[in-house]
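A.B. asks: Sending over a structure as structure tokens; questions will come in a sec.
The values are calculated or read from the model by the stated rules, or taken from the named source; none is laboratory data. What you are looking at is a predicted structure, and each value in this text was computed from that prediction instead of being measured. FYI the Cβ positions are ideal-geometry reconstructions off the backbone, even for glycines, and counts take in every protein chain you see.
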Number of protein chains: 2
Amino acid sequence: MRREAHQQADGGGQPQRIQTAHATRVMAMKNAFYAQSGGGTAVINASACGVIQAARAHPDRIGKVYAGRDGIIGALTEDLIDTSQESDEAIAALRHTPAEAFGSCRYRLKDLDEDRAEYERLLAVFRAHDIGYFFYNGGNDSQDTAWKISRLAERAGYPLIVVGVPKTVDNDLLGTDTCPGFGSVAKYVAVSVLEAALDVASMARTSTRLFILEVMGRHAGWITASAGLAARREGDAPHVLLFPEVPFDPEPFLALVQQTVERVGYCIVVASEGLRDRQGRFVSEVGTHDAFGHAQLGGVAPILANLTTERLGYKHHWAVADYLQRSARHVASRTDVEQAHALGRAAVELALEGRNAVLPVIVRLSDEPYRWTIGVESLSAVANKERALPRDFIRADGFGITPAARRYLAPLIEGEDYPPYEHGLPCYVQLRNAPVPQVLREKFAVR
Amino acid sequence: MRREAHQQADGGGQPQRIQTAHATRVMAMKNAFYAQSGGGTAVINASACGVIQAARAHPDRIGKVYAGRDGIIGALTEDLIDTSQESDEAIAALRHTPAEAFGSCRYRLKDLDEDRAEYERLLAVFRAHDIGYFFYNGGNDSQDTAWKISRLAERAGYPLIVVGVPKTVDNDLLGTDTCPGFGSVAKYVAVSVLEAALDVASMARTSTRLFILEVMGRHAGWITASAGLAARREGDAPHVLLFPEVPFDPEPFLALVQQTVERVGYCIVVASEGLRDRQGRFVSEVGTHDAFGHAQLGGVAPILANLTTERLGYKHHWAVADYLQRSARHVASRTDVEQAHALGRAAVELALEGRNAVLPVIVRLSDEPYRWTIGVESLSAVANKERALPRDFIRADGFGITPAARRYLAPLIEGEDYPPYEHGLPCYVQLRNAPVPQVLREKFAVR
């Protein structure tokens, strides 16, 4: 990784302003385009906040920041949002507002050589709106798209600085120590497990002995692993983690549940939605059918719960957190919020330095005390690749995390960063999202 | 209701100390017994905190507070916890610790005339440990048990002051304006719906259009209704509430989901786990079977989600909050915490006044500004009765709440009361729970 220590923060402190020795390439005043991509997180708007605040701090260099309505689709259809019509207060409030304030989409551009129409259209829209900076806030796929756009612009001779902003609750983006969005899900899951386990422990003698929480992370067990942070002493919940990386085998699972109930009195299981059996099939899809005869997708937790009760007779309860976990801004990690915001700002600083086809990333300097800085990675190096959960983060028996995992994960949930409340509910901002007048005569139909 | 305005608090303020004109009945120094009953809540330990703190403030009247290990079972088996061995700090920390610090159970004593053995045993244990005060923290069933115990003690000529402390997330206890535990679940559900809806809204154009959250409340729709607080403007989520009080009819439900998606772009549904069809059968139990061929209990949300996708084709997501909602102390309602604590204190004050077979309750003085006070209700009046969700809280079409419901519910989620955190996780107290030496020679086997 090309690492350039730009920025630094202590576990709790505010990141310092980027210092750089790079010569600044002088560019004419241009507008910027910003888009959010893929699934929401508790902190992606904190990155948007960082991008827009940093852009507003350079009115001599960056004109307006236009956001894509519903992500890259907004660029393709020339459906742009004029963020200059939002007050500084509204932009500041993005820092504590979950989900994606400008809308998002799952839309992957084709390969450059396969279908250039979409890319040409993007350049046409950028040209029409005098866009010189393109910030793309997303995961692997999105960084791949950003990279392709930067290549096309270069070939077409269109002056465009493309900078990615990392985001994904799955924490599977390469080149960064962690990904904004993940720390807050990790905190939500660890807090929820801690609380539900206290509840189960209270009643285990005469009631529920088995509780299963299903969490996200279809391909990698980062979120499942984070649940392990709730256990601080021997015997603490969670007692069994079921990773997507470890093929599910009922017998050792049931044996461990039984042992745990006999030893502790109850058993708390955290299962990845992406759990697979030995044949590689998702456990959630192995032929469940509901009352209406439909195949029932999703729901590893009820399947495991029923299996266990059938075999061991324990009364069970189960929960599926689903979107609640990734949108839970009310219990966000302060570390995560700060990193998301800092990466948004850093993306703009990099763009103003003329750095193209890169993205700012988190570089860990030390575990304890936790220290991090912002580095720079090239889009081509991270595009479309997935970072797997290291095998040495999973305990030898496959059902827990190792001290190495704990060292990595613990700092990511550090600190609280509560949104303001009114009448008992968080005050999340709803932007005006005023449209930029369209100038192109041609319409573009999205696939 | 016999109402006696003892105590008063503004929405945000600290309840004032109980003032009473009743003559104090002088009793010899006695020990107190306290037990937690039924399912955990985010704030039942705040009531325990109130009871123990108030008892400690009267060392001349109350000796030690013994808690039942695992609730009333602890009394039957002479398995008592000596709370005097806990520090003032540990007891204070109960105020911010969810679930049941002394353990609980679902165990209902038989009718007095049917089987006196259990009651006799309780009196034997109380006599053996010089217990003159009995505080029972629970819902309808528990208050019924408390009432029976008070009758038996009276008949047996054993001097025992029995005072209930209300608790239940279901909010179905009669005689009190609200029940500690409910306000915090209501807040959790409203906050979760608000957050998940922002997430769904962000992506609805190209992804999930239907999100269903399943919530607790098997017999009454109080929790389902509270989700409605998340909607503050026309079109806001949740768009459809499914109450256990309203028989589920797929056609009008599907029509409303479709209308909502066409109008708003997506649809957020909150469904009670206790939803029933026109034949009165739980929707969750209508013959679902999982991969292993087992009947799958629980899971209204997936059933509704699959039904809707089958008929309307929308991509869906669903969540089941289960225990997460009732143990979520991290997002507890300050109003709820204050009321739980005040009711614990009030129970002791009532006992010291010699009031027997009563429980302190919440009396609402005004909706806005929200003002409440503590009144007194007789155990016999609330025992074993259920308070239904008023029909005029449910919108005429059966799928939403009315302004009357909103007026009632809104104050109950007011205010935040965060637990302290360390290393990113709430610092919930784990008590020592030291046993009181047993003195009875006879053992008692619990059914």
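A.B. asks: Please determine whether any residue of the range B:156-165 is within 14 Å of another protein chain (Cβ to nearest Cβ) and assigned to a strand (DSSP E or B).
C.D. replies: Going through the range B:156-165, the residues within 14 Å of another protein chain (Cβ to nearest Cβ) turn out to be none.
No, that holds for no residue.
A.B. asks: May I ask you to list the residues in the range A:98-112 that are surrounded by fewer than 24 Cβ atoms within 10 Å (Cβ to Cβ) and either modelled with pLDDT of 95 or more or at the interface with another protein chain (Cβ under 7 Å from one of its Cβ atoms) (or both)?
C.D. replies: Across the range A:98-112, the qualifying residues are A:Arg106, A:Tyr107.
A.B. asks: Among the listed residues B:Ala340, B:Ala410, B:Ala381, identify the single one that is assigned to a helix (DSSP H, G or I), surrounded by 22 or more Cβ atoms within 10 Å (Cβ to Cβ) and touching a residue at least 60 places away in the same chain (Cβ under 8 Å).
C.D. replies: Values: B:Ala410 fails: surrounded by 22 or more Cβ atoms within 10 Å (Cβ to Cβ); B:Ala381 fails: surrounded by 22 or more Cβ atoms within 10 Å (Cβ to Cβ).
None of the others qualify; the one that does is B:Ala340.
A.B. asks: Let me ask something else. Do we find a residue being closer than 14 Å to B:Arg387 by Cα, among the charged types (D, E, K, R) and surrounded by fewer than 24 Cβ atoms within 10 Å (Cβ to Cβ) anywhere in the range B:152-164? I'd like the intermediate steps shown before the answer.
C.D. replies: Looking only at the range B:152-164, we keep the residues that are closer than 14 Å to B:Arg387 by Cα, and these are none.
No: the range B:152-164 contains no residue that is closer than 14 Å to B:Arg387 by Cα, among the charged types (D, E, K, R) and surrounded by fewer than 24 Cβ atoms within 10 Å (Cβ to Cβ).
A.B. asks: Which of the residues spanning the range A:170-192 are under 12 Å from A:Asn140 (Cα atoms) and either of a type in the set (Asp, Glu) or within 14 Å of another protein chain (Cβ to nearest Cβ) (or both)?
C.D. replies: Scanning the range A:170-192 gives A:Asp170, A:Asp172.
A.B. asks: Could you check the range A:134-148 and list, in sequence order, the residues that are part of a helix (DSSP H, G or I) and touching a strand residue (DSSP E or B) at 6+ places or on another chain (Cβ under 6 Å)?
C.D. replies: A:Ser142, A:Gln143, A:Ala146
A.B. asks: If you take the residues of the range A:384-400 that are crowded, with 21+ Cβ neighbours inside 10 Å and within 21 Å of the chain's Cα centre (by Cα), which of them is nearest to the other protein chains (Cβ to nearest Cβ)?
C.D. replies: Within the range A:384-400, the match that is nearest to the other protein chains (Cβ to nearest Cβ) is A:Phe393.
A.B. asks: Within the range B:413-433, how many residues turn out to be surrounded by 15 or more Cβ atoms within 10 Å (Cβ to Cβ), of a type in the set (A, V, I, L, M, F, W, C) and assigned to a loop (DSSP other than H, G, I, E, B)?
C.D. replies: So the answer is 2.
A.B. asks: Let me ask you something else. Yes or no: the range A:177-188 includes at least one residue that is of a type in the set (A, V, I, L, M, F, W, C), touching a residue at least 24 places away in the same chain (Cβ under 8 Å) and outside any helix (DSSP H, G or I).
C.D. replies: Scanning the range A:177-188, I find at least one residue that is of a type in the set (A, V, I, L, M, F, W, C), touching a residue at least 24 places away in the same chain (Cβ under 8 Å) and outside any helix (DSSP H, G or I), so the answer is yes.
A.B. asks: Has the range A:437-445 got at least one residue that is at pLDDT 95 or above and of a type in the set (D, E, K, R)?
C.D. replies: Here is the first cut: in the range A:437-445, the residues at pLDDT 95 or above are A:437-440.
Going one step further and asking which of them are of a type in the set (D, E, K, R), we end up with none.
No, there is no match, as no residue in the range A:437-445 is at pLDDT 95 or above and of a type in the set (D, E, K, R).
A.B. asks: Within the range B:123-138, is even one residue surrounded by fewer than 22 Cβ atoms within 10 Å (Cβ to Cβ) and closer than 21 Å to B:Gly181 by Cα?
C.D. replies: Within the range B:123-138, none of the residues are surrounded by fewer than 22 Cβ atoms within 10 Å (Cβ to Cβ) and closer than 21 Å to B:Gly181 by Cα.
A.B. asks: Collect the residues in the range B:197-207 that are assigned to a helix (DSSP H, G or I) and more than 8 Å from chain A (Cβ to nearest Cβ), keeping them in residue-number order.
C.D. replies: Across the range B:197-207, the qualifying residue is only B:Ala197.
Condition check ((1) touching a Phe, Trp or Tyr at 6+ places or on another chain (Cβ under 8 Å); (2) under 12 Å from B:Tyr34 (Cβ atoms)) across all residues:
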| site | (1), (2) |
| --- | --- |
| B:Ala46 | no, no |
| B:Ala57 | no, no |
| B:Ile62 | yes, yes |
| B:Gly68 | yes, yes |
| B:Glu89 | no, no |
| B:Arg95 | no, no |
| B:Pro98 | yes, no |
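A.B. asks: Could I ask something else about it? Give A:Leu254, A:Leu229, A:Leu194 a once-over and let me know the one that is part of a helix (DSSP H, G or I) and surrounded by fewer than 24 Cβ atoms within 10 Å (Cβ to Cβ).
C.D. replies: Result of the check over A:Leu254, A:Leu229, A:Leu194: A:Leu254.
A.B. asks: Any chance the range A:208-219 includes a residue that's in contact (Cβ under 8 Å) with a residue 60 or more places away in the chain, facing chain B (nearest Cβ under 7 Å), of a type outside the set (Val, Ile, Thr) and surrounded by fewer than 24 Cβ atoms within 10 Å (Cβ to Cβ)?
C.D. replies: Scanning the range A:208-219, I find no residue that is in contact (Cβ under 8 Å) with a residue 60 or more places away in the chain, facing chain B (nearest Cβ under 7 Å), of a type outside the set (Val, Ile, Thr) and surrounded by fewer than 24 Cβ atoms within 10 Å (Cβ to Cβ), so the answer is no.
A.B. asks: Residues in the range A:386-406: is at least one touching a helix residue (DSSP H, G or I) at 6+ places or on another chain (Cβ under 9 Å), at pLDDT 95 or above, over 30 Å from A:Arg233 (Cβ atoms) and in a strand (DSSP E or B)?
C.D. replies: There is no residue in the range A:386-406 that is touching a helix residue (DSSP H, G or I) at 6+ places or on another chain (Cβ under 9 Å), at pLDDT 95 or above, over 30 Å from A:Arg233 (Cβ atoms) and in a strand (DSSP E or B).
A.B. asks: Tally the residues that are aliphatic (A, V, I, L, M) and touching a Lys or Arg at 6+ places or on another chain (Cβ under 8 Å), restricting the search to the range B:189-216.
C.D. replies: Count: 4.
A.B. asks: Might you check whether a residue that is more than 9 Å from chain A (Cβ to nearest Cβ), touching a Gly at 6+ places or on another chain (Cβ under 8 Å) and surrounded by 13 or more Cβ atoms within 10 Å (Cβ to Cβ) occurs anywhere in the range B:435-445?
C.D. replies: no
A.B. asks: Output the residue which, of all residues in the range B:423-434 that are more than 10 Å from chain A (Cβ to nearest Cβ) and out of contact with any helix residue (DSSP H, G or I) (no Cβ under 7 Å at 6 or more places or on another chain), is nearest to B:His129 (Cα to Cα).
C.D. replies: B:Asn433
A.B. asks: Yes or no: the range A:114-129 includes at least one residue that is touching a Phe, Trp or Tyr at 6+ places or on another chain (Cβ under 6 Å), in contact (Cβ under 8 Å) with a residue 12 or more places away in the chain and not in a loop (DSSP other than H, G, I, E, B).
C.D. replies: Checked against the condition, which is being touching a Phe, Trp or Tyr at 6+ places or on another chain (Cβ under 6 Å), in contact (Cβ under 8 Å) with a residue 12 or more places away in the chain and not in a loop (DSSP other than H, G, I, E, B), the range A:114-129 yields at least one hit.
A.B. asks: Which condition number in (1) surrounded by 19 or more Cβ atoms within 10 Å (Cβ to Cβ); (2) among the basic types (Lys, Arg); (3) over 23 Å from A:Ala54 (Cα atoms) is the one that A:Arg334 fails?
C.D. replies: Among (1) surrounded by 19 or more Cβ atoms within 10 Å (Cβ to Cβ); (2) among the basic types (Lys, Arg); (3) over 23 Å from A:Ala54 (Cα atoms), the lone unmet condition for A:Arg334 is (3).
A.B. asks: Still on this structure, I have one more. Within the range A:176-191, how many residues are over 16 Å from A:His341 (Cβ atoms) and either crowded, with 24+ Cβ neighbours inside 10 Å or of a type in the set (Val, Ile, Thr) (or both)?
C.D. replies: Adding up the residues that qualify gives 7.
A.B. asks: How about the range B:302-331: which of its residues are in a helix (DSSP H, G or I), touching a strand residue (DSSP E or B) at 6+ places or on another chain (Cβ under 7 Å) and either at pLDDT below 95 or more than 8 Å from chain A (Cβ to nearest Cβ) (or both)?
C.D. replies: Correct list: B:Pro302, B:Leu304, B:Ala305, B:Thr308, B:Thr309, B:Gln325.
A.B. asks: Give the residue that is nearest to B:His330 (Cα to Cα), with candidates limited to residues of the range A:343-360 that are aliphatic (A, V, I, L, M) and not in a strand (DSSP E or B).
C.D. replies: By that ranking, first place goes to A:Leu343.
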